[in-house]
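Participant: For reference, the structure I am asking about is given below.
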């Protein structure tokens with residue numbers, strides 16, 4: 001118990017007085033936001049298209065997306081590593097062990113999650129709603145916008161799931177980012193490192209910050225999701 | 001009439017190998033209400049979707065607006081902004097009643113002031129202004145359908161397309177809404193196509209009626225003509241002629257056709273179709289037109305007073321079954337062929353109508369309608 005209590009006290013001190021901890025937190029925020037945002041930009045239109053369009057091969061594509069929703073981060077890490085490795089196909093971009101590499105890996109993890117959940121969010125809507133909106137004179141973009149508004153609750157759940165997937169992920173970030181101090185060290189990789197060094201106070205401080213970040217972002221999204229009858 | 005507002009030409013829609021709709025020609029004039037009736041699966045909704053340019057594909061045919069053919073790809077949005085569609089379910093957005101009524105106007109990019117004016121006007125005309133701030137989720141079925149109608153009327157469409165808008169509502173709510181819609185249509189004079197499987201609604205709202213069955217237009221005429229002179233068995237069924245009995249033409253007498261039905265000879269006012277002696281026909285009758293004259297040993301129902309120019313048929317049979325309907329009773333009489341009569345409660349409560357009793361039934365010669373019988377293997 002002492003270990004836990006002392007750890008908590010030291011963690012509280014570190015959280016407020018350690019510049020490095022703040023830098024790591026800030027980088028984590030930047031990387032996860034960028035990855036989630038990119039996943040939204042691709043995943044929501046892709047998911048909507050998959051939900052609304054009938055074409056040959058749709059089922060196969062859906063199976064791919066659904067498999068992608070459960071991709072093990074270490075496999076993604078390995079794959080992105082191979083692509084970005086100096087002698088790999090994208091090696092000339094010199095992205096391995098940079099924050100951009102982490103964003104790429106996290107994007108590969110979050111995008112299928114957001115796409116898959118968008119498909120089910122749109123499919124949950126009454127299929128005749130689309131006809132009704134067209135029958136009231138909606139243009140293509142007005143139709144999409146109105147459908148997204150109607151599906152906003154499950155779509156926000158998709159955003160939360162995507163964000164949750166990347167902020168908690170450690171394997172891929174470690175592999176493609178390298179956990180380089182002051183450069184690619186994020187909250188999850190730093191927590192692993194401090195724990196392996198037996199530095200439990202630091203690890204706990206980092207862990208609590210991670211939880212706090214997850215809570216603040218999800219809290220805001222939940223607030224948005226549960227707001228009833230927008231004016 | 002000059003050029004019809006809306007015109008379908010040579011339209012064919014197939015779902016797989018099944019022909020869902022095959023309409024060589026259908027025209028809707030400006031300011032008229034065209035009621036489309038037919039049984040389930042007749043192609044009514046497909047027809048309405050075709051008129052709204054909402055079908056994913058049309059196998060053949062064209063839709064003309066004011067005489068100009070519409071191009072499916074390029075005229076879609078512009079045309080759909082001239083019309084408004086109301087579906088069987090209200091399909092409201094998860095927003096306030098006001099926002100729902102304003103939706104079509106917002107799609108059209110109207111100014112805030114205009115949206116406010118129009119939405120308020122139609123909220124008031126449909127009697128739902130007190131609900132304007134309510135969430136659409138809290139509405140009853142009837143209220144929601146009023147919102148859906150207000151949303152369609154608010155865009156002041158050139159054509160209003162209504163797809164069975166009342167069929168999910170309970171009877172009193174439906175009656176009130178049909179009544180209100182009748183008032184709105186006669187004052188707004190919006191060209192309307194109204195799809196229903198309820199013949200009462202078609203009669204109340206339609207200036208003309210189209211009867212659809214098996215994807216084909218069976219008859220298109222004024223309501224009174226469709227209801228009194230259906231041209232075939234399918235139409236007769238849809239317009240409520242429950243009894244359709246095979247018969248043979250015997251000949252003319254006193255300006256009436258004499259028709260053989262089983263062992264009975266029945267007088268029928270001849271319609272427009274020329275008949276030949278010995279020709280097979282079908283006699284169509286409505287339960288509302290069948291009356292009881294007297295029941296074995298009991299004369300209390302009384303024979304009908306025969307006024308000049310009226311001719312009645314009288315048949316004797318045995319009561320085979322009675323079904324209570326609340327205010328009325330359906331009484332089935334076996335006269336060698338089944339006849340069904342609707343009996344009002346007071347008459348029924350006199351007690352002489354009992355299963356097994358002999359009964360005299362009668363109907364006017366002009367209540368029976370004759371249509372041609374085409375010999376089929378199914379009989």
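The values are calculated or read from the model by the stated rules, or taken from the named source; none is laboratory data. This structure is a prediction, so every number in the text was calculated from the model and none was measured. Reconstructed Cβ throughout: ideal geometry from the backbone, glycine too, with neighbour counts over all protein chains shown.
Quick grid of which residues meet (1) closer than 23 Å to residue B:352 by Cβ; (2) surrounded by fewer than 13 Cβ atoms within 10 Å (Cβ to Cβ); (3) modelled with pLDDT under 75:
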position: B:255; (1), (2), (3): no, yes, no
position: B:277; (1), (2), (3): no, yes, no
position: B:293; (1), (2), (3): yes, no, yes
position: B:307; (1), (2), (3): no, yes, yes
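Participant: Another question about this same structure. May I ask you to verify whether residue B:249 is outside the structural domain of residue B:85 (by TED's automatic domain parsing) and in contact (Cβ under 8 Å) with a residue 24 or more places away in the chain? Give the steps one after another, and end with the answer.
Facilitator: Working: outside the structural domain of residue B:85 (by TED's automatic domain parsing): yes; in contact (Cβ under 8 Å) with a residue 24 or more places away in the chain: yes.
Against the criterion (outside the structural domain of residue B:85 (by TED's automatic domain parsing) and in contact (Cβ under 8 Å) with a residue 24 or more places away in the chain), residue B:249 qualifies.
Participant: Considering only the range A:216-231, I want to know if a residue exists there that is within 14 Å of chain B (Cβ to nearest Cβ) and in a helix (DSSP H, G or I).
Facilitator: Applying the first criterion (within 14 Å of chain B (Cβ to nearest Cβ)) to the range A:216-231 yields A:225-231.
So of that shortlist, the ones also in a helix (DSSP H, G or I) come out as A:225-226.
Within the range A:216-231, one or more residues are within 14 Å of chain B (Cβ to nearest Cβ) and in a helix (DSSP H, G or I).
Participant: With respect to residue B:64, is the statement that it is more than 21 Å from residue B:213 (Cα to Cα), modelled with pLDDT of 90 or more and out of contact with any helix residue (DSSP H, G or I) (no Cβ under 7 Å at 6 or more places or on another chain) true? Quick ask: steps written out before the conclusion?
Facilitator: On the way: more than 21 Å from residue B:213 (Cα to Cα): yes; modelled with pLDDT of 90 or more: yes; out of contact with any helix residue (DSSP H, G or I) (no Cβ under 7 Å at 6 or more places or on another chain): yes.
So residue B:64 fits the description; yes.
Participant: When the residues of the range B:328-372 are narrowed to those that are assigned to a strand (DSSP E or B) and more than 31 Å from the chain's Cα centre (by Cα), which ends up surrounded by the most Cβ atoms within 10 Å (Cβ to Cβ)? First the steps, then the outcome.
Facilitator: Filtering the range B:328-372 down to residues assigned to a strand (DSSP E or B) leaves B:328-334, B:338-344, B:358-364, B:369-372.
Filter once more, keeping what is more than 31 Å from the chain's Cα centre (by Cα): B:358-360.
Values: B:358: 13, B:359: 26, B:360: 19.
Checked the range B:328-372; the qualifying residue surrounded by the most Cβ atoms within 10 Å (Cβ to Cβ) is B:359.
Participant: Let me ask you something else. Need the failing condition index for residue A:148 against (1) within 12 Å of another protein chain (Cβ to nearest Cβ); (2) without any contact (Cβ under 8 Å) to a residue 40 or more places away in the chain, just the number.
Facilitator: Against the list (1) within 12 Å of another protein chain (Cβ to nearest Cβ); (2) without any contact (Cβ under 8 Å) to a residue 40 or more places away in the chain, residue A:148 comes up short only on (2).
Participant: Something else about it: Please go through the range A:126-142 and pick out each residue that is surrounded by fewer than 18 Cβ atoms within 10 Å (Cβ to Cβ) and either more than 10 Å from chain B (Cβ to nearest Cβ) or at pLDDT 95 or above (or both).
Facilitator: The first filter runs over the range A:126-142 and keeps only residues surrounded by fewer than 18 Cβ atoms within 10 Å (Cβ to Cβ), leaving A:126-128, A:139-141.
A:127, A:141 - these are the residues of the range A:126-142 that are surrounded by fewer than 18 Cβ atoms within 10 Å (Cβ to Cβ) and either more than 10 Å from chain B (Cβ to nearest Cβ) or at pLDDT 95 or above (or both).
Participant: I want to confirm something. Restricting to the range A:179-200 and keeping residues that are part of a loop (DSSP other than H, G, I, E, B) and within 19 Å of the chain's Cα centre (by Cα), which single residue is surrounded by the fewest Cβ atoms within 10 Å (Cβ to Cβ)?
Facilitator: First, pick out the residues of the range A:179-200 that are part of a loop (DSSP other than H, G, I, E, B): A:179-186, A:197-199.
If we keep only those that are within 19 Å of the chain's Cα centre (by Cα) too, we end up with A:179, A:184-186.
Working: A:179: 18, A:184: 23, A:185: 23, A:186: 28.
The extreme case among them is A:179.
Participant: Please list, ordered by residue number, the helices (runs of 4 or more DSSP H) wholly in the range B:44-126 having 3 or more residues that are within 11 Å of another protein chain (Cβ to nearest Cβ), within 28 Å of the chain's Cα centre (by Cα) and touching a residue at least 40 places away in the same chain (Cβ under 8 Å).
Facilitator: On the way: elements: B:44-51, B:76-80, B:97-107, B:112-125.
It comes to B:44-51.
Participant: Filter the range B:133-163 down to residues that are within 12 Å of chain A (Cβ to nearest Cβ) and in a loop (DSSP other than H, G, I, E, B) and give me whichever is surrounded by the fewest Cβ atoms within 10 Å (Cβ to Cβ).
Facilitator: This residue is B:133.
Participant: Let me ask another. Out of all the residues in the range A:5-53, which are touching a residue at least 24 places away in the same chain (Cβ under 8 Å) and outside any helix (DSSP H, G or I)?
Facilitator: Matches in the range A:5-53: A:18 only.
Participant: I'd like to check something: does the range B:52-59 contain any residue that is touching a strand residue (DSSP E or B) at 6+ places or on another chain (Cβ under 8 Å), farther than 18 Å from residue B:12 by Cα and assigned by TED's automatic domain parsing to the domain that holds residue B:210?
Facilitator: No, the conditions are met nowhere in the range B:52-59.
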